[in-house]
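**Q** Questions regarding the structure given below will be posed in turn.
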Amino acid sequence: MRIIGGNLRGLKLADVGEGDKAAHLRPTTDRVRESIFNLLVNGTHGNPIPNARVLDLFAGTGALGLEALSRGAARVAFVDDGVAARALLRANIEKTRAMGVTDVWRRDATNLGINRSPGFDLIFLDPPYGKGLGEKALITGLAGGWFAPGAMIVWEEAAPPPAVAGLERIDQRKYGDTVITLLRPEQG
């Protein structure tokens, strides 16, 4: 696993091997991550990365959020309640020397609560597949004010996810056994 683009391009991240099923670690492959960022940067919806405040839910190794930092995001908040994930995440933050522009929050991404700071511009959502956790995280994220108006949400699942009230689907692509769905909050 490595950073695909930006100023940290080529940097090797902490190795997870085949992932950690007990900890639900299933890192996004380099190929899928590259496809996600090509879609974000070159899509018709505008590049949401430069100077973005990024929220990486079910962060795991943090590869998605760190890739965004490498490509010009201003700050990333990583959310994961797994011990193994947070250890890998901290190792990757050190490798990228991103301690000053990252936050690691040990909390349940499906129960975010109320956000007391500005909403996030770019949200990555990579829950354990097929458990309905993505929908729960998005519902609590909307209710708690975690998403800025016009935010871009990138949701990774094994199958096309169900619609979530308050969010509109912008795009959806399938890469092997992974479905990437781009969403935005509906404009009031």
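**Q** What are the residues in region 124-142 that are at pLDDT 95 or above and in contact with a helix residue (DSSP H, G or I) (Cβ under 7 Å, 6 or more places away or on another chain), if any?
**A** Selection gives Phe124, Leu125.
**Q** Return yes or no: is Leu125 in contact (Cβ under 8 Å) with a residue 60 or more places away in the chain and either of a type in the set (Asp, Glu) or in contact with a Gly (Cβ under 7 Å, 6 or more places away or on another chain) (or both)?
**A** Values: in contact (Cβ under 8 Å) with a residue 60 or more places away in the chain: yes; either of a type in the set (Asp, Glu) or in contact with a Gly (Cβ under 7 Å, 6 or more places away or on another chain) (or both): yes.
Yes.
**Q** Within region 1-22, track down each residue that is in a loop (DSSP other than H, G, I, E, B), at pLDDT 55 or above and not small (Gly, Ala, Ser).
**A** Those that are in a loop (DSSP other than H, G, I, E, B), at pLDDT 55 or above and not small (Gly, Ala, Ser): Met1, Ile3, Ile4, Arg9, Leu11, Leu13, Asp15, Val16.
**Q** Related question: Of all residues in region 140-163, count the ones that are more than 22 Å from Thr28 (Cα to Cα) and surrounded by fewer than 21 Cβ atoms within 10 Å (Cβ to Cβ).
**A** Matching residues across region 140-163 total 9.
**Q** Between Arg116, Arg169, which is in a loop (DSSP other than H, G, I, E, B) and without any contact (Cβ under 8 Å) to a residue 24 or more places away in the chain?
**A** Exactly one residue qualifies, and that residue is Arg116.
**Q** Further, regarding this structure: Being under 21 Å from Ala84 (Cα atoms) and in contact with a Pro (Cβ under 7 Å, 6 or more places away or on another chain) narrows it down to one of Leu112, Leu122, Leu133, so name that one. If you could, list the steps in order and put the result at the bottom.
**A** Numbers: Leu112 fails: in contact with a Pro (Cβ under 7 Å, 6 or more places away or on another chain); Leu122 fails: under 21 Å from Ala84 (Cα atoms).
Being under 21 Å from Ala84 (Cα atoms) and in contact with a Pro (Cβ under 7 Å, 6 or more places away or on another chain) holds for just one of Leu112, Leu122, Leu133, which is Leu133.
**Q** Tell me which residues, restricted to region 50-90, are part of a helix (DSSP H, G or I) and farther than 16 Å from Pro127 by Cα.
**A** Leu66, Glu67, Ala68, Leu69, Ser70, Ala87, Leu88, Arg90
**Q** Inside region 26-80, can you point out the residues that are in contact (Cβ under 8 Å) with a residue 40 or more places away in the chain, touching a Lys or Arg at 6+ places or on another chain (Cβ under 7 Å) and over 20 Å from Arg9 (Cβ atoms)?
**A** Arg53
The values are calculated or read from the model by the stated rules, or taken from the named source; none is laboratory data. Keep in mind it's a predicted model, so treat the numbers as computed, not measured. All Cβ positions, even for glycine, are placed from backbone atoms using ideal geometry, and neighbour counts span all protein chains on display.
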